[in-house]
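See below for the structure under consideration.
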Amino acid sequence: MDKSQRTAKYSWATFLANMRIPTYIDSRHAIAHNKVIIIDGATTITGSFNFTKAAQDKNAENLLVIHSKEIARAYRENWFDHRKHSERYEARY
């Protein structure tokens, strides 16, 4: 997540952390504008789609499903590179 999630009254970071899902804030960059899901180490889902009702029903979005272990590995390594300089977000119960 980007640093805007740290100061929002109730953000996705808070939601995930309250569900005890490890959540990290990457303050090194202005925003985190990535939408990536990696499944089973071989399937990568990426694009502009925000996984909201508006994205599904109203917006002009795109979603790409890539079946490639190499692409999945590259996205995973990129995530870990960003996590190295990110800070753990603590839940606000």
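If the viscosity is 0.890 mPa s and the temperature 25 °C, what translational diffusion coefficient in µm²/s does Stokes-Einstein give for the chain when Rh comes from Kirkwood over Cα pairs?
Numbers: Rh = 14.6 Å.
Diffusion coefficient, whole number: 168 µm²/s.
In the chain, the DSSP-assigned H stretches of four residues or longer account for a calculated mean residue ellipticity at 222 nm of -9000 deg cm²/dmol, using -39500 (n - 2.57) per stretch and the full residue count as denominator. Take PHE80: with every protein chain present and a 1.4 Å probe, its accessible area is about 80 Å². Working note: Karplus 6.51/-1.76/1.60 with θ = phi - 60° gives the stretch 45-56 the couplings 10, 8, x, 8, 4, 9, 6, 10, 4, 4, 4, 6 Hz, where Gly and Pro are set to x. Counting only protein heavy atoms and a 1.4 Å probe, the chain has 76 square angstrom of accessible area per residue.
Among beta bridges from DSSP that stay inside the chain, the antiparallel ones total about 90%.
Amide H to amide H, with H built 1.01 Å from N, TYR89 comes under 5 Å of THR23, TYR24, ILE25, counting only residues 5 or more places away or on other chains. Annotation: amide H-H contacts under 5 Å for GLY47 (H modelled 1.01 Å from N, sequence separation of 5 or more, or interchain): LYS35, LEU64.
The values are calculated or read from the model by the stated rules, or taken from the named source; none is laboratory data. Note that this is a predicted model, so its numbers are computed, not measured. Heavy atoms of the whole protein, side chains included, go into the accessibility calculation; ligands, DNA and RNA do not. Shrake-Rupley method; radii C 1.70, N 1.55, O 1.52, S 1.80 Å.
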